[in-house]
Amino acid sequence: MSANQHITRSDRPLPSTPSNASEVAADKRFGIVDCNNFYASCERMFAPHLIGKPVVVLSNNDGCIIARSNEAKALGIGMGMAYFKSKQLLKKHDVAVFSSNYALYGDLSNRVMTVLATFAPRIEVYSIDEAFLDFQGFDRWDLDRYGREICDTTQQWTGIPVSIGFGATKTLAKLANRLSKKTPGMDGVFDFSSCENPDALLSTVAVGDIWGVGRRWADRLQKEGVNTAFDLQQCDPAMIKQRFNVVLARTVQELRGVSCIELEEVQADRQQVLCSRSFGVRVTDFKDMRHSVTHFMTRAAEKLRKQNLLANVLSVHVSTSPFDDNNEYYSNSCTSRLVAPTNDSRELIRLAQRLLKSIYVAGHSYQRAGVMLSDLVSQRNLQQDLFNQDDGVERSDALMTVLDTINSQMGNGTLSFAGEGFGGGWRMKQLLRSPRYTTRVSDLKTVS
Ligand SMILES: [Mg+2]
């Protein structure tokens, strides 16, 4: 059942309409909603017996731990820990372990975002599990109560627990969200503007935990005695701009409540589309390598079409493992420009296979391969070739649309190119992946 079907609500009051000119420039107010331990929460949604139990999710190829439930965090299981090293610990505490299931996470993320979009006039999907909401004009609202309603509704309609922070700027909203999760009693909702002693609160936040302050800047700032968010807020923005850069100067302003970072509803045009992966087992055969590159190319072309983009340039790369003592290291890539920009899988696959041939050297044990599409242009802005009377472009569009529609409705890979092969050891190791409950009919949960 799609989340969209539920969303008609008439009982929610609308933000007050300004009655005079001075109110037109209402104070800015942002909210950020963050899904709690998102991947682990997704896994639990279809395995409710795991609620309250430790859960971890592994990276591609089951390499290391990339998500942990609160119970798993409490056991001291670290982020990024190698799976093979932590197996004993996980077993000892009876931790539920899952391979990553991006089809499930992506679909549940869409549901969460659809629900969130009904709570504010504008939304910026910031990542798979975070969204900024615009609450300008909500001055007279009890945001604490509204925040609670947002969290309760999202959890009830999607099954995913979320937390929310409010602030006059995006940076303060982020900070409020962080505090809402770490401070007992706040229970996942916090409005920074309602805080009685903001300076004292800012003093409890380490400078490295501020949104946009990376590790390197944090180290440099600490060396100069700037240890907390309060310390940074007290710095002169002009001095910070001169000694660091304009981005950090903006952060100082944002900590002071001056909004400098706007809500971005439309994502900036992408510069590249990449599809690159480590293999489940080493690839030593050209046929297997050709299958894998064809598969990566197919996925990258799908991504391209989803964003209505065309590519001018295509690169293919292959490499062996740099840590493999028994084999000589080999890495190579090849790039070529297409005759005309395209997003037709057939054309891209043809070129990718040709490029692969020119860099593949037999005798190596390959660990990784990938494709990259760049010099991207929007399909809408494409300059048509004046002399091209051929209807090939239209036919190609029609064919690709049929392909994408069938695959999105009946599950990825329902229609695939013969060049991708079937099975093959190069496919990712995902021994512990849960079913794709929400995107594959055959994986639907059954109740007996
Ligand atoms: Mg999260």
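Laboratory data are not the source of any read-out in this text; all were calculated from the coordinates shown. Keep in mind that this is a model prediction, so the values were computed, not measured. Ideal geometry is used to build each Cβ from the backbone, glycine not excepted, and the neighbour counts take in all protein chains shown.
Could you work out how far helix 392-410 tilts from the main Cα principal axis of the chain, as a 0 to 90 degree angle to the nearest 10?
Between the helix axis and the principal axis of the chain, the angle is about 70 degrees.
Return the FRET efficiency for the residue pair residue 156, residue 328: r is the Cβ-Cβ distance, R0 is 56 Å, and the value is rounded to the nearest 0.05. Don't skip to the answer; put the middle values down first.
Values: r = 57 Å, r/R0 = 1.02.
Result of the calculation: an efficiency of 0.45.
Give the residue list of trypsin sites (Lys or Arg not before Pro) in region 71-168 that are DSSP loop and have at most 12 other beta-carbon atoms within 10 angstrom. Show your work: numbers first, answer last.
Values: sites: 73, 85, 87, 91, 92, 111, 122, 140, 145, 148; in loops: 140.
Passing sites in region 71-168 are 140.
Sticking with the crude label model, points 7 Å out along Cα→Cβ, report the distance from residue 199 to residue 60 in nm, one decimal please.
Going from the residue 199 label point to the residue 60 one covers 4.9 nm.
Would you tally the net charge around residue 244, using a Cβ to Cβ cut-off of less than 11 Å, leaving residue 244 out, and scoring K and R as +1, D and E as -1? Don't skip to the end; give the middle numbers.
On the way: positive: 216, 220, 241, 243, 250; negative: 224.
The answer is +4.
Between residue 276 and residue 394, what length comes free when the chain is fully extended (0.36 nm per residue of separation minus the Cα-Cα distance, one decimal in nm)? Walk me through the numbers before you get to the answer.
Numbers: separation 118, 0.36 × 118 = 42.48 nm, distance 2.95 nm.
Once the chain is fully extended between residue 276 and residue 394, it gains 39.5 nm.
Return the distance in nm (one decimal) between the two label points of a simple spin-label model at residue 91 and residue 365, each offset 7 Å from Cα along Cα→Cβ.
Here the modelled spin labels are 2.5 nm apart.
Sorted by mean Cβ packing within 10 Å, highest first, what order do the peptides 341-351, 394-404 take?
Most protected by this proxy first, the peptides run 341-351, 394-404.
Restricting to the chain, compute how many DSSP beta bridges are antiparallel as a %, nearest 5.
Values: 48 of 56 bridges.
Antiparallel: roughly 85 percent of the beta bridges in the chain.
For the chain, take the longest principal axis of its alpha carbons; what is the angle in degrees between that and the long axis of helix 246-255, to the nearest 10 within 0 to 90?
40
Identify, among 255, 372, 32, the residue whose Cα sits farthest towards the positive end of the charge dipole of the chain, taking +1 on the Cβ of Lys and Arg and -1 on the Cβ of Asp and Glu, with the dipole about the Cα centre.
Checking the options against the dipole of the chain, the answer is 372.
For the chain, take the longest principal axis of its alpha carbons; what is the angle in degrees between that and the long axis of helix 345-359, to the nearest 10 within 0 to 90?
70
Tell me, 264, 43 in order of fewest to most beta-carbon neighbours within 10 Å? List each step's numbers first, then the result.
Working: 264 12, 43 25.
The order, fewest Cβ neighbours first, is 264, 43.
Can you sort 377, 56 by how many other beta carbons sit within 10 Å, fewest first? Walk me through the intermediate numbers first.
Details: 377 14, 56 28.
Lowest to highest Cβ neighbour count: 377, 56.
Pairs 306/357; 87/287; 28/174; 28/73; 73/170; 28/303: which are spaced more than 24 Å apart, C-alpha to C-alpha? Walk me through the numbers on the way to the answer.
Working: 306/357 28 Å; 87/287 34 Å; 28/174 15 Å; 28/73 35 Å; 73/170 27 Å; 28/303 35 Å.
Violating the 24 Å Cα-Cα cut-off are 306/357; 87/287; 28/73; 73/170; 28/303.
What residues have an amide H closer than 5 Å to that of residue 228, excluding those fewer than 5 places away on the same chain, when H is modeled at 1.01 Å from N in the peptide plane?
Under 5 Å from the amide H of residue 228: 207.
Put +1 on the Cβ of every Lys and Arg and -1 on every Asp and Glu Cβ in region 105-245; which of 192, 161, 128 then has its Cα farthest towards the positive end of the dipole?
Of the options given, the answer is 128.
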